[in-house]
Structures are given as structure tokens and as C-alpha cells.
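No value in this document is a laboratory result; all are computed from the given coordinates. Quantities reported herein were computed from a predicted structural model and do not represent experimental measurements. Cβ atoms come from the backbone with ideal geometry, glycine included; neighbour counts cover every protein chain shown.
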Amino acid sequence: MNLVTYKAPTMAEALAQVKRDLGRDAVIIRTRNRRRSWPWGWFARRDIWEVTASAHLDAPRAAPAGRYARDPAADHAAGKTPRAAPSQGGTVTEEVGEIRRMVEALLSMQRASKVPDALPRLQEFRVQLVRQEVAEELADEIVAELSMGLTGKQLAEDRFVWERLKSLIEGRVIAGEQMPPASRGRARVAMFIGPTGVGKTTTIAKLAANFKIRESKKVAMITIDTYRIAAVDQLKTYAELIEVPLHVVLTPGELAQSIESLRDCDVVLIDTAGRSQNDRLRLNQLCGFLRAAEADYVNLVIAAPSSRSAVASTLDRFLPLGVNGIVMTKLDEAIALGSVLNVAAASKMPIRYVTTGQDVPDDISPADPARVAQCIVEGSLYVV
Ligand code: GDP
């Protein structure tokens, strides 16, 4: 490991040098504050911060290097654009904000830990979480919590720390109630909303097939996605294959009537048009349908490979519409599962189902927080 020591009058400046020279994956090995006396007596004493850092650490020892562990060389070979070096990208304000946040996080970890010199170890875990696409603020929060209550001996034991880290992640992912269909009386109504192309229709087909074939439930589907002919056709094809009725409705009034006419079903699954989260008019129309449906389950569908900004914008627009659960799709296409944790933490909503492929009805399962945590810690695949 190549260690370099940077000196500056403030910790922020020293960290800025580290970041500039070694990149954002640099691992802080040691920080020291020294007071220096100047020989001429003009300035009696001056603070000097020393930060010793290494360009990066190898994957943490206890965590097997998973298929999705980030490898810049492999990324390059695969033609993926590497993350821009900090000096090339981002504005100065963003840089300063990030450095300030990093300093605060490091200092709070240092304060929280009862173990002297715990920082390098804690930094290792933070790097692993960020590599798995966990939001940096969330990674800081988890590592700060990890640092509390660990003794020096425990901190030195890889297995112990990784297990603790897993349970901290698991605790932040709430598994959702599994939308049990009604056994009699009014049908349970489940609506699926979210941006275009995230997998709403496919998820509905998977659930309809599972409820009908595996649980022998009486299932019906409704679509209000009449903007795209192809979308109706897609659901029609599934409805014929699974042999369940499909209603196509145009207005909130028709939706209410349709649900009423299906009251002897156990479960009614409603597909919606893939509203772009930027399309306010269509979001307003969706609100009308949501009010008319009085759904028991309003599921926001989010694709795991979506960018952090796309997820933030989706949550912003759709959560206020009365969402009470999340479905995370395309876990098989995500390079890391941090997004599942990010969504769970940001939305505070239960994750009801995850989907892991295009196959109907197989590639869907109830979310398993322990497995999500394990995948994040190990950098491994979520296998159903
Ligand atoms: P919608 O616009 O939200 O209804 O999205 P669709 O259900 O039409 O799905 C869009 C595309 O994503 C289709 O090609 C699906 O086969 C695909 N898809 C859906 N779920 C998954 C999944 O879990 N994994 C993968 N790899 N593809 C999926």
C-alpha cells in the first residue's frame, strides 16, 4: 500500500489535496493535528493538519470480491466511462460541500468511536458501502452507527464487524406486507405506479400468474395505460396466457365501476401509464385515478439500476400520491444493490417485492432484507 502524507493548515485543505491527488476512493489512514511554533515569533503557533492516505484499499478482507465489485480497469475494458477525477469534474462549490461533509463525517466517526485510531478501519467499510452505490450520506450514517459500541478487539475482527454491518443495513430495509388477496368479500386492489419502462406491466403479469397458478386465487387486471397501444396489447397477451380478465378503462369513473364489477375477485391488479416524473399534467390525471381506485396497495415501482438523481426525482414526485410500498425491479441489471438501501432509507417505505429478470412468472420474490444486506456487504448478486 502506498502511503502519502499531506500537510495543510486545516483538515479540509489536507483532505482536498488527498482527494485531488488520489481520487475519491482514497482511504484515510491517519489524521493528526500538530501545533508548530515559528522561529521568528511573528506567529506564535500555527495548526498543521497531517492526513496520511492511500490511493485505495483492496476489497475488504472478509468480503469476497463479488462479481459486481467495482474495478476501474475492468470498467475501462468494458468501454464504460470511468468516474471523472475530482479535478476534472464538478464545480468548486460541490467539491467544497463534499469535503466539508466528509470532514464532518470523519470527525463524528472519530468522536463516536471509543477505539483510538479506529478511523482507517471505519473508512474501509465506508469505501465498501460507497462502492456498492450506497449514498455517501447514508454510508457515513451507517459507519458512524457501526463505530458506536464496538470495542477495539471487535473492530479488529473482520467477521464480527461485517455481521454487525449487515444487521445495520438489514434494519434499514423493511420488508413489506405481501399484498394478501382477500379470501372473500371486496377484492384487494393493488395499483402500480412509476416512471415508464421500469417494469410495471411485467411485474403485474408475474404477480397475476403467481396468485392464480400458485395460490389458486381469483385474479383480474385493469389497465389505465391507454396512451400506448403497445402497452394495452402487452397486457392483453399476458391476460390471455394467464387466463385472467383484463379491463381497459379511460376515466376515473370507469375505473371505479370496473373495480366494483370485479368485487368477487380476490385481487385486482391495476397497471398505469408510465408517467414521466416530469410530466405534471399526467401526474395530476394519475391522482384522479388513484382517488377513484381507493387501492389497498399503491406500489411505487423503481428500477434498481436507475441513477441516484432519477430515483430522488421519482420519490419526490410519486411518494406524495399515497404510495404505501415499493417494488424494486431489474436487480439483475444493477451493478450494485446500494440503490435498494437508498430507496428504503429515503422513502421509509416497505419494499414489497423485488424482480430479477424478464421471465413471467418466475423472476419475482418478496423482498428479503437480509439478502439485500448480504449482497451489499459482499458485493454479490441477488439470486432468487
Ligand atoms: P413499464 O413501462 O413500467 O410497464 O415496463 P415494462 O413492464 O413494459 O418493462 C419494460 C422492460 O423491462 C421490458 O423489456 C421488460 O421485459 C423489462 N423488465 C421488467 N422487469 C425486469 C427485470 O426484473 N429485469 C430485467 N432485466 N428486465 C425487466
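Neighbour counts of other C-beta atoms within 10 Å: give me Ile242, Ile351 arranged from fewest to most. Please report the intermediate quantities before stating the final value.
Numbers: Ile242 20, Ile351 25.
Listed from fewest to most nearby Cβ atoms, that is Ile242, Ile351.
Quick one: what Rg and Dmax do you get for segment 238-321 from the alpha carbons, in Å?
For segment 238-321, the Cα-based Rg and Dmax read 14.6, 42 Å.
Which translational diffusion coefficient, to the nearest whole µm²/s, is obtained for segment 186-325 from the Stokes-Einstein equation, given a Kirkwood hydrodynamic radius over C-alpha pairs, 10 °C and 1.306 mPa s? Could the numbers behind the result be given before it?
Values: Rh = 15.0 Å.
Diffusion coefficient, whole number: 106 µm²/s.
From the backbone phi of segment 243-259, what are the Karplus-calculated ³J(HN,Hα) couplings (6.51 cos²θ - 1.76 cosθ + 1.60, θ = phi - 60°) in whole Hz, Gly and Pro given as x?
6, 10, x, 10, 9, 10, 10, 10, 10, x, x, 5, 5, 4, 5, 5, 4
Give me the distance in nm between label points sitting 7 Å out from Cα along the Cα-to-Cβ direction at Leu381 and Phe160, one decimal.
Inter-label distance under the simple model: 3.5 nm.
Under a crude label model (7 Å from the Cα following the beta-carbon direction), how far is Arg282 from Lys236 in nanometres?
Label-label distance for Arg282 and Lys236, simple model: 2.1 nm.
Around Asp332, under 11 Å between beta carbons, what's the net of Lys plus Arg minus Asp minus Glu among the other residues? Don't jump to the answer; show the numbers that get you there.
Details: positive: Lys330; negative: Glu333, Asp359, Asp363.
Summing Lys and Arg as +1 and Asp and Glu as -1 gives -2.
Can you check what the Kirkwood hydrodynamic radius comes to for segment 301-384, Cα pairs only, in Å to one decimal?
On the way: mean 1/r = 0.0778 Å⁻¹.
Over segment 301-384, the inverse of the mean reciprocal pair distance is 12.9 Å.
Based only on other Cβ atoms within 10 Å, what is the fewest-to-most ordering of Val232, Val189?
Least to most surrounded, the residues fall as Val232, Val189.
May I ask you to list the lysines whose Cα is less than 21 Å away from that of Lys206, ignoring any residue fewer than eight positions away on the same chain?
Lys217, Lys218, Lys236, Lys330
From the phi angles alone, apply the Karplus equation (6.51, -1.76, 1.60; θ = phi - 60°) to segment 196-201 and give each ³J(HN,Hα) in whole Hz, x where the residue is Gly or Pro.
Computed from phi, the couplings for segment 196-201 are 5, x, 7, x, 4, 4 Hz.
What list do you get for Cys287, Cys265 if you sort them by fewest beta carbons within 10 Å?
On the way: Cys287 14, Cys265 23.
In increasing order of surrounding Cβ atoms, one gets Cys287, Cys265.
What does the charge add up to near Leu315, with Lys and Arg as +1, Asp and Glu as -1, over the other residues with Cβ less than 13 Å from its Cβ?
Details: positive: Arg308, Arg317, Lys348; negative: Asp316.
In short, +2.
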